[in-house]
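Report on the following structure.
The values are calculated or read from the model by the stated rules, or taken from the named source; none is laboratory data. Just so it is clear, the model here is predicted, and its values are computed rather than measured. Cβ coordinates were reconstructed from backbone atoms using ideal geometry, including for glycine residues, and neighbour counts include every protein chain displayed. Heads up: the accessible areas ignore ligands, DNA and RNA and are worked out on the full protein's heavy atoms, side chains in. Shrake-Rupley method; radii C 1.70, N 1.55, O 1.52, S 1.80 Å.
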Amino acid sequence: MRTQAFAEALAEAEKIITGAPHIASEQDLAEGYDYLAGSIQASLRLAWAYQRDFPYFVASTGPYAKMGLDNPDTLYFHAYLRDDAEYVVTGRRGTTADLSFQVLKGDYSPVEVPDSLSAFDDRAIEIAADGTFELRFGPATPERNYFRLGAGSSMLLVREVYSDWAAERRGTIAIRRADRAGCAPPVTTDPGALAKRYAVAGKILLSRLRTFLAFPEWFYLKEPVNTMTPPRPTPGGLATQFSSAGHYDLGEDQAMIVTVPAAGRQVAPYQGIQLGSMWYVSLDYINHQTSLTADQARIDPDGRMRFVISERDPGVANWLECTGHRRGYVQIRWQRLTRDLTTADGPQVAVVPHADLPGLLPYYEHARVSPAEWRARIAARQAAVAERMLG
């Protein structure tokens, strides 16, 4: 059977899901199987996208194939590279808050984060008046819009980040190997080659599951529960990005208030907060408000944003819905920074009785929303994601 290796990997993957240490309910297990389904789809897609001589950008993650506490505000793309070849990347800059590029050596594994050989955002490149650009990556000496591929370069990762889901529009991007223009890859005639693809897909699947169940042990679970770290450079070599991470454990009658200064576009064109499940993936951000950017959030008169994380509806605009997740992860990201952040730029956290929220939120009346306003907020999310996915 040409698919035997993948079938065996699938059986092992199910064991990883059912044996996850955080499973405490039927909801946890059901979400695990949903996570597995998305991982299977992604692994097959990525195995067939392994084309270093005729590369193309593939979506690394998305609403239905999540991994690695994916940012709801980000479109992730990647293409595979050879370190001894030259590649041309062309595109048109959209109006999103950030566009960044990162060259990786190796891949994520359960024991390490891949080396980042180069990372920069679009401020480092020349973009024409009509928004078009052309970059080159290769082994030659760097020059204008040319970036050197270091030894072991294997992947180009591109992130396009929204702050205002309704107003901003994505750009376009494409990649080709410079000396393969007008050529075509050989036609696959060997069934054995496809068997290898299935085997690779199985390896990707198992590595993906094991890696991102191990990640929280490195960056989250060693911190005290119901706290968040001061802002710090995001692990993995991302340029001009800081983050604050934490994990929560809340009872049904409790709420977590996260208070953080609104950095402003002069400091951070993108600032966003999100919740994640114990599977280390984002919660449903289409049909529920489980994330907010600075553009989506309501900023209090004192220049701070106060987010309420709870299962029960507090009736405020900056409610982040737990959607049945008593435990989970919370992360704030700042991107395209113009300066390093300090502890003063970071969040303050308080766990309080849910019933006491009106007296504890200093601008409670300013923060309130009606049920009709809340439905409008959710409808806007649904429409924006649908348009983004088709754009």
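Scanning region 380-390 for residues that are under 16 Å from L292 (Cβ atoms) and open to solvent by 50 Å² or more (accessible area, probe 1.4 Å) yields a count of 2.
With respect to (1) open to solvent by 30 Å² or more (accessible area, probe 1.4 Å); (2) under 30 Å from I125 (Cα atoms); (3) without any contact (Cβ under 8 Å) to a residue 40 or more places away in the chain, the lone exception for N145 is condition (1).
For K222, are the conditions met, namely being surrounded by fewer than 18 Cβ atoms within 10 Å (Cβ to Cβ) and in a loop (DSSP other than H, G, I, E, B)?
Values: surrounded by fewer than 18 Cβ atoms within 10 Å (Cβ to Cβ): yes; in a loop (DSSP other than H, G, I, E, B): yes.
So K222 passes the test.
From the list A367, A350, A355, the lone residue that is small (G, A, S) and open to solvent by 60 Å² or more (accessible area, probe 1.4 Å) is A355.
Let's see how each residue does on (1) surrounded by fewer than 15 Cβ atoms within 10 Å (Cβ to Cβ); (2) under 25 Å from the mean Cα position of the chain (by Cα):
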site: M1; (1), (2): yes, no
site: L29; (1), (2): yes, yes
site: L36; (1), (2): no, yes
site: S39; (1), (2): no, yes
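Residue check: H78 meets all listed conditions (1) open to solvent by 30 Å² or more (accessible area, probe 1.4 Å); (2) not in a loop (DSSP other than H, G, I, E, B) but one, namely (1).
Conditions (1) surrounded by fewer than 19 Cβ atoms within 10 Å (Cβ to Cβ); (2) out of contact with any His (no Cβ under 7 Å at 6 or more places or on another chain); (3) not in a loop (DSSP other than H, G, I, E, B), marked per residue:
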{"site": "E134", "(1), (2), (3)": "yes, yes, yes"}
{"site": "T141", "(1), (2), (3)": "yes, yes, no"}
{"site": "A151", "(1), (2), (3)": "yes, yes, no"}
{"site": "L157", "(1), (2), (3)": "no, no, yes"}
{"site": "P185", "(1), (2), (3)": "yes, yes, no"}
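Scanning region 162-182 for residues that are more than 30 Å from R381 (Cβ to Cβ) and either modelled with pLDDT of 95 or more or open to solvent by less than 80 Å² (accessible area, probe 1.4 Å) (or both) gives I175, R176, R177, A178, D179, R180, A181.
Could you go through region 192-199 and let me know if any residue there is part of a helix (DSSP H, G or I) and among the aromatic types (F, W, Y). The answer is yes; a qualifying residue exists. When L292 is tested against (1) free of Cβ contacts under 8 Å to residues at least 40 places away in the same chain; (2) open to solvent by less than 40 Å² (accessible area, probe 1.4 Å); (3) more than 22 Å from D70 (Cα to Cα), only condition (3) is not met. Taken together, the residues in region 88-97 that are under 19 Å from T132 (Cβ atoms) and crowded, with 22+ Cβ neighbours inside 10 Å amount to 2.
This table checks each residue for (1) without any contact (Cβ under 8 Å) to a residue 24 or more places away in the chain; (2) part of a helix (DSSP H, G or I); (3) farther than 19 Å from Q271 by Cα.
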site	(1), (2), (3)
V330	no, no, no
W334	no, no, no
A355	no, yes, yes
P358	yes, yes, yes
I378	no, yes, yes
A384	no, yes, no
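Specify which of the listed residues (S244, S277) is touching a Ser or Thr at 6+ places or on another chain (Cβ under 6 Å), within 27 Å of E31 (Cβ to Cβ), at pLDDT 95 or above and among the hydroxyl-bearing types (S, T, Y). Spell out the reasoning first.
Working: S277 fails: touching a Ser or Thr at 6+ places or on another chain (Cβ under 6 Å).
Among S244, S277, only S244 is touching a Ser or Thr at 6+ places or on another chain (Cβ under 6 Å), within 27 Å of E31 (Cβ to Cβ), at pLDDT 95 or above and among the hydroxyl-bearing types (S, T, Y).
Collect the residues in region 264-281 that are open to solvent by 30 Å² or more (accessible area, probe 1.4 Å) and touching a strand residue (DSSP E or B) at 6+ places or on another chain (Cβ under 7 Å), keeping them in residue-number order. If you could, list the steps in order and put the result at the bottom.
As a first pass, look at region 264-281 and keep what is open to solvent by 30 Å² or more (accessible area, probe 1.4 Å): 264-266.
Across region 264-281, there are no qualifying residues.
For A372, state whether it is open to solvent by less than 80 Å² (accessible area, probe 1.4 Å) and either of a type in the set (G, A, S) or farther than 30 Å from T240 by Cα (or both). Answer is yes for this residue. If you go through region 338-353 and pick out every residue that is assigned to a loop (DSSP other than H, G, I, E, B) and under 19 Å from L292 (Cβ atoms), you end up with 3. From the list G236, G202, the one residue that fits, being modelled with pLDDT under 90 and open to solvent by less than 50 Å² (accessible area, probe 1.4 Å), is G236.
Matching residues to (1) of a type in the set (K, R); (2) under 17 Å from F101 (Cβ atoms); (3) touching a strand residue (DSSP E or B) at 6+ places or on another chain (Cβ under 8 Å):
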site: R123; (1), (2), (3): yes, yes, no
site: E126; (1), (2), (3): no, yes, yes
site: G131; (1), (2), (3): no, yes, yes
site: E134; (1), (2), (3): no, yes, yes
site: E143; (1), (2), (3): no, yes, no
site: S163; (1), (2), (3): no, no, yes
site: A167; (1), (2), (3): no, no, no
site: I173; (1), (2), (3): no, yes, yes
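Taking interchain pairs and intrachain pairs at least six residues apart, which have beta carbon atoms under 6 angstrom, with the first residue in region 215-229 and farther than 18 Å from G68 by Cβ and in contact (Cβ under 8 Å) with a residue 12 or more places away in the chain and the second open to solvent by 40 Å² or more (accessible area, probe 1.4 Å) and hydrophobic (A, V, I, L, M, F, W, C)? Filtered contacts from region 215-229: N226/V351; T227/V349; M228/V349.
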